[in-house]
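Here the structure is laid out as C-alpha cells; the discussion comes afterwards.
The values are calculated or read from the model by the stated rules, or taken from the named source; none is laboratory data. For clarity, every value in this text was computed on a predicted model and none was experimentally measured. So basically every Cβ, Gly included, is an ideal-geometry build from the backbone, and we count neighbours across all protein chains shown. Surface areas here come from the heavy atoms of the whole protein model, side chains and all, with no ligands, DNA or RNA. Shrake-Rupley method; radii C 1.70, N 1.55, O 1.52, S 1.80 Å.
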Amino acid sequence: MTFVATLTGIFALIQLLRKKPVADVFLSVYLFAVFVMPGWCHLFVPHIPKMTFHETAILPVAFFFFLKHRKDWKWSITDLLVFGFVALLTISEYLNAGYAEAQNLGFAYIAQGALPYILAKGLIEPQGLRIKFVKRIVVLLSCLILPFAYEFRFGYNPYRFVTDPFFPGAAWVTTARYGFARAAGPYAHCILAGAVFLIGFRLQVWLEKSGHWEKYFRKFRPFGMTKARVLTVLVLCGLAMTLARGPQIGAVLATVIAAIGAGRNPVRRAMVVVAITVTLGVPLAIQSYQYAAVGRDKAKTASQESAAYRKELLDKYMDIAEQRAPLGWGRNGWPKVGGMPSIDNYYLLLTLMHGLPASMLFIAIQVSLMVRLLKNGFACAPMKPIGSSLSFTLGGVYLGLLFTFFTVYLGENVVPIFFLITGFAEGYLIVGGDRSVGHAAGDITRLRAVSAPVAPRFAVVMS
C-alpha cells in the first residue's frame with residue numbers, strides 16, 4: 001500500500017517524458033507535493049531508503065534538470081555551505097551508526113536538501129520564474145485553509161481520512177492550546193506548519209505591496225477586498241490557526257525587518273529598530289529568561305511550563321552534546337534524559353546528533369544569506385513601490401526562521417521548503433537581488449525578462 005507515495009514521482013516522470021519543460025514540472029508537480037502532500041507518508045521497500053511524496057517527485061525532475069541545464073550552473077559560496085552541511089551529516093551518521101543508517105540519512109538530505117536547493121537556484125531566476133514561483137507557494141498555502149479550519153474546529157486532521165488506510169499509525173496526533181486544536185495539516189506538527197506559513201505570509205505581503213496580483217477575483221469580491229488582500233488574510237489565518245508562538249513571534253521579527261525596507265530611508269529606520277531593540281529587547285530578554293527559569297514544577301501556566309521545558313533542555317543536554325562536539329552521537333545515539341522525550345530546539349538537537357560544526361554550518365547558511373540580502377536591500381533602497389524589496393522580505397524570513405528553530409526541530413516537509421527558499425534567495429542575489437527589479441509598480445513583464453547573465457561555467461559568485 002505504501003507504493004501510493006510514488007504517484008507524484010510517476011506523474012512527474014510522465015510529464016517530463018512528454019517533453020514538458022523541467023521548470024513547469026518543478027512548479028506544478030514538485031511544489032504541490034512538498035506544500036500540499038503529507039510528509040508522514042513513506043514508501044517502504046526493503047534495502048532502499050524510504051521515500052515521501054516530495055522525494056519521489058524530485059528525483060525525475062532533478063534528473064532531467066542535470067540532463068538539460070547542468071551547463072548553466074553558476075557556483076557560489078552558499079553551495080559550499082549547503083553541500084558541506086549535507087556531507088557532514090552523512091559522515092557523522094556513518095561514523096556513529098554505520099553504513100545503512102548513513103545511506104538513509106544521506107539520501108534523505110540529498111532529496112530534501114541538496115536537490116531542492118539546486119532546482120530552486122538553477123531554475124527560478126534563470127527561467128524568469130520569480131513571480132510565478134512565489135505566487136504558486138501562496139496559492140498552495142491558501143488552499144490549505146479549509147483543512148486547517150476543520151482541524152482547528154474539530155481537533156482531527158482531515159488528511160488522516162485519506163492517509164490512514166494506506167499509512168496506518170503514521171500521522172501525528174493533533175495537539176491543543178487555549179481550548180482549540182492546533183492546525184498542522186500536511187506538515188505533521190503545528191509548529192512546523194507555523195514555520196511554513198511564516199514564509200508564505202511574508203512572501204504574500206511582498207506580492208501585495210509590489211502589485212503583482214490582478215486587482216480582483218473574477219466574480220468574487222468579499223467585503224470589497226482586493227485579491228491580494230484576500231490572499232494575505234487567508235495566509236495570516238493559516239499562521240494564526242497553528243497557535244504556535246515560536247513561528248508567530250518569528251513572523252513579527254520578519255515583519256520588522258521587512259518594514260525597514262518599506263520606507264524612503266531604510267538606514268534611519270534600521271537605527272530606530274536597533275534603538276527600540278536595545279531599549280525594550282534587553283529587559284524583555286531578561287524577563288523571558290526569568291519566566292523560563294522557574295522550572296516546570298513551579299510553572300503557573302501551560303505556556304510557562306513549555307518555556308521552562310526548553311530552558312531545562314539546554315541545562316541538561318549541553319554537557320552531553322559537549323562530550324562528542326565534533327561529530328555528535330548520531331541520529332538516535334545520544335544518552336536520553338528522563339522526562340524529556342522531545343528536544344524542541346533544532347540547534348541543540350543538531351549538535352547532539354551531528355556535532356557542533358553541523359549546527360554552526362546550519363546557522364551560517366541562514367546568517368550569511370540574511371546579511372547578504374540586507375546588504376543588497378540597503379544598497380538598492382529605496383524601492384518603488386514602497387515595501388517591494390524582496391531582499392528585505394527574504395532577510396526577514398531568515399531572521400524569523402532563526403528564531404523559530406530555537407522552538408522546534410527541522411523536519412518533515414519543512415526541510416525541503418527551507419532549502420527551496422535558500423536556493424531561491426541565492427539565485428536572486430546572483431542576478432543582482434533588488435537591482436534586477438524594475439522600479440515601476442507591477443513591472444511583471446520586466447521581472448519575467450530577468451535572467452542570469454551569461455558567465456563561465458565554473459564562475460564563483462561571492463557577493
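Side notes on the structure shown:
- Note on segment 7-39: residues that are closer than 18 Å to residue 423 by Cα and not in a helix (DSSP H, G or I) total 0.
- Within the span defined as segment 54-68, every residue fails to be over 22 Å from residue 8 (Cα atoms), in contact with a strand residue (DSSP E or B) (Cβ under 9 Å, 6 or more places away or on another chain) and assigned to a helix (DSSP H, G or I).
- Meets criteria (out of contact with any Ser or Thr (no Cβ under 7 Å at 6 or more places or on another chain), of a type outside the set (D, E, K, R) and in contact (Cβ under 8 Å) with a residue 24 or more places away in the chain) for residue 123: yes
- Answer residue from segment 43-67, given it is modelled with pLDDT of 90 or more and open to solvent by 30 Å² or more (accessible area, probe 1.4 Å) and is farthest from residue 411 (Cα to Cα) among those: 67
- Being open to solvent by 50 Å² or more (accessible area, probe 1.4 Å) and among the aliphatic types (A, V, I, L, M) holds for only one residue in 95, 16, 27, and it is 95.
- Considering the conditions (1) without any contact (Cβ under 8 Å) to a residue 40 or more places away in the chain; (2) on the phi < 0 side of the Ramachandran plot, residue 54 is excluded by exactly one of them, (1).
- Residue 169 small (Gly, Ala, Ser) and assigned to a helix (DSSP H, G or I): no
- Across segment 300-325, the qualifying residues are those that are at pLDDT 85 or above and touching a Leu at 6+ places or on another chain (Cβ under 7 Å), and the one among them that is farthest from residue 97 (Cα to Cα) is 317.
- Within segment 343-384, the set of residues being under 21 Å from residue 97 (Cα atoms), assigned to a helix (DSSP H, G or I) and of a type outside the set (S, T, N, Q) comprises 346, 347, 348, 349, 350, 352, 353, 354, 356, 357, 358.
- In segment 34-49, the residues that are small (Gly, Ala, Ser) reach residues that are open to solvent by 20 Å² or more (accessible area, probe 1.4 Å) and part of a loop (DSSP other than H, G, I, E, B) with C-beta atoms within less than 7 angstrom, at least six apart or across chains, in these pairs: 39/412.
- If the condition is being over 18 Å from residue 402 (Cβ atoms) and either free of Cβ contacts under 8 Å to residues at least 12 places away in the same chain or touching a Gly at 6+ places or on another chain (Cβ under 7 Å) (or both), then segment 363-378 contributes only 376.
- Residue that is surrounded by the fewest Cβ atoms within 10 Å (Cβ to Cβ), among those in segment 306-325 that are part of a helix (DSSP H, G or I) and of a type in the set (A, V, I, L, M, F, W, C): 318
- Exclusive hit being assigned to a helix (DSSP H, G or I) and small (Gly, Ala, Ser), set 328, 338, 396: 396
- Residue check for residue 167: crowded, with 19+ Cβ neighbours inside 10 Å, modelled with pLDDT under 95 and in contact with a helix residue (DSSP H, G or I) (Cβ under 8 Å, 6 or more places away or on another chain): yes
- Count of residues meeting criterion [among the basic types (Lys, Arg) and under 21 Å from residue 174 (Cα atoms)] in segment 227-273: 1
- Among the residues making up segment 1-13, those that are hydrophobic (A, V, I, L, M, F, W, C) and surrounded by fewer than 23 Cβ atoms within 10 Å (Cβ to Cβ) are 1, 3, 4, 7, 10, 11, 13.
- In segment 132-161, the residues that are open to solvent by 40 Å² or more (accessible area, probe 1.4 Å) form Cβ pairs under 6 Å with partners that are among the hydrophobic types (A, V, I, L, M, F, W, C) and part of a helix (DSSP H, G or I), at six or more places apart or across chains, as follows: 136/27; 136/31; 152/241.
- For the criterion of being on the phi < 0 side of the Ramachandran plot, assigned to a helix (DSSP H, G or I) and over 17 Å from the mean Cα position of the chain (by Cα), residue 119 fails.
- Being open to solvent by 20 Å² or more (accessible area, probe 1.4 Å) and without any contact (Cβ under 8 Å) to a residue 24 or more places away in the chain holds for only one residue in 360, 353, and it is 360.
- For segment 100-120, the count of residues that are closer than 25 Å to residue 240 by Cα, buried (at least 22 other Cβ atoms within 10 Å of the Cβ) and aliphatic (A, V, I, L, M) is zero.
- Pick from segment 69-78, criterion in a helix (DSSP H, G or I) and not polar (S, T, N, Q), ranking: farthest from residue 33 (Cα to Cα): 77
- Of all residues in segment 326-350 being of a type in the set (Gly, Ala, Ser) and either under 18 Å from residue 95 (Cα atoms) or modelled with pLDDT of 85 or more (or both), the one that is surrounded by the most Cβ atoms within 10 Å (Cβ to Cβ): 328
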